[in-house]
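The values are calculated or read from the model by the stated rules, or taken from the named source; none is laboratory data. All values reported here derive from a predicted model rather than from experimental measurement. Note: ideal-geometry Cβ built from the backbone for every residue, glycine included; neighbour counts use all protein chains shown. In case anyone asks, the SASA skips ligands and DNA or RNA and just uses the protein heavy atoms, side chains included. Shrake-Rupley method; radii C 1.70, N 1.55, O 1.52, S 1.80 Å.
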Amino acid sequence: PHPPPAGPGRRVLVVDPDGASRDVLSSALRAAGHTVDTAPDGVVAAERLARHSYDLLVSELRIPGLDAFALVRDARRAAPGLRLMIVTSHSTEAAAIEALNFGVAGYLVKPSRPAEIAATAARVLGQRPVAS
């Protein structure tokens, strides 16, 4: 699969059961120039992924209906270039290792600042490296 082209304006799907978290994530990504759709659970997210093409899936690790890994596994069959970024309240080492083993390109623990969310998304999408 080819990497997504550099630059803003990518299509992002944000999946989080918490409305406030979805709002924070969506606002940060929209401010960075991306088109953002949202879903409250894995079922709605799967429906959106079936109907639209996305460059990036930003998801809570554990979501109702279908966890993030199952959701991405299904979506990658149809869209092999889909990138995955986890923004989660599950801050355990085991959760982070599980995400890395699955191929997650970005992993943030809530609460995350909007600038951190946008910078991580840019790095995951290959737009530019995040300064350390």
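For region 56-78, the tally of residues that are assigned to a loop (DSSP other than H, G, I, E, B), touching a residue at least 40 places away in the same chain (Cβ under 8 Å) and open to solvent by less than 40 Å² (accessible area, probe 1.4 Å) stands at 2. Going through region 79-94 one residue at a time, which ones are surrounded by 14 or more Cβ atoms within 10 Å (Cβ to Cβ) and either basic (Lys, Arg) or over 15 Å from Arg48 (Cα atoms) (or both)? Result: Arg83, Leu84, Met85, Ile86, Val87, Thr88, Ser89, His90.
With the requirement that a residue be without any contact (Cβ under 8 Å) to a residue 60 or more places away in the chain and surrounded by 17 or more Cβ atoms within 10 Å (Cβ to Cβ), what does region 21-35 give you? Correct list: Arg22, Ser26. Return the residue satisfying two criteria in turn: it lies in region 105-132 and is modelled with pLDDT of 85 or more and β-branched (Val, Ile, Thr), and of such residues it is farthest from Gly9 (Cα to Cα). Looking at residues that are modelled with pLDDT of 85 or more and β-branched (Val, Ile, Thr), I get Val109. Taking every residue in region 116-132 that is outside any helix (DSSP H, G or I) and pairing it with any residue that is hydroxyl-bearing (Ser, Thr, Tyr) and at pLDDT 55 or above, at least 6 positions away or on another chain, the pairs with Cβ-Cβ distances below 7 Å are Val130/Thr120.
Condition check for Thr38 on (1) assigned to a strand (DSSP E or B); (2) open to solvent by less than 10 Å² (accessible area, probe 1.4 Å): one failure, at (2).
Condition (residue is assigned to a strand (DSSP E or B) and either open to solvent by less than 40 Å² (accessible area, probe 1.4 Å) or under 20 Å from Arg22 (Cα atoms) (or both)) applied to region 45-53: is it met by at least one residue? The answer is no, given that none of the residues of region 45-53 is assigned to a strand (DSSP E or B) and either open to solvent by less than 40 Å² (accessible area, probe 1.4 Å) or under 20 Å from Arg22 (Cα atoms) (or both). Against the condition charged (D, E, K, R) and either within 22 Å of Gly9 (Cβ to Cβ) or surrounded by 15 or more Cβ atoms within 10 Å (Cβ to Cβ) (or both), how does Glu98 come out, does it pass? When the stated conditions are applied, Glu98 passes them.
Here is the figure for region 70-95: residues that are of a type in the set (S, T, N, Q) and under 14 Å from Val14 (Cα atoms) total 1. Examine region 101-108 for a residue that is among the aromatic types (Phe, Trp, Tyr), touching a Phe, Trp or Tyr at 6+ places or on another chain (Cβ under 8 Å), under 21 Å from Arg123 (Cβ atoms) and open to solvent by less than 70 Å² (accessible area, probe 1.4 Å), and state whether such a residue exists. The answer is yes, given that some residue of region 101-108 is among the aromatic types (Phe, Trp, Tyr), touching a Phe, Trp or Tyr at 6+ places or on another chain (Cβ under 8 Å), under 21 Å from Arg123 (Cβ atoms) and open to solvent by less than 70 Å² (accessible area, probe 1.4 Å).
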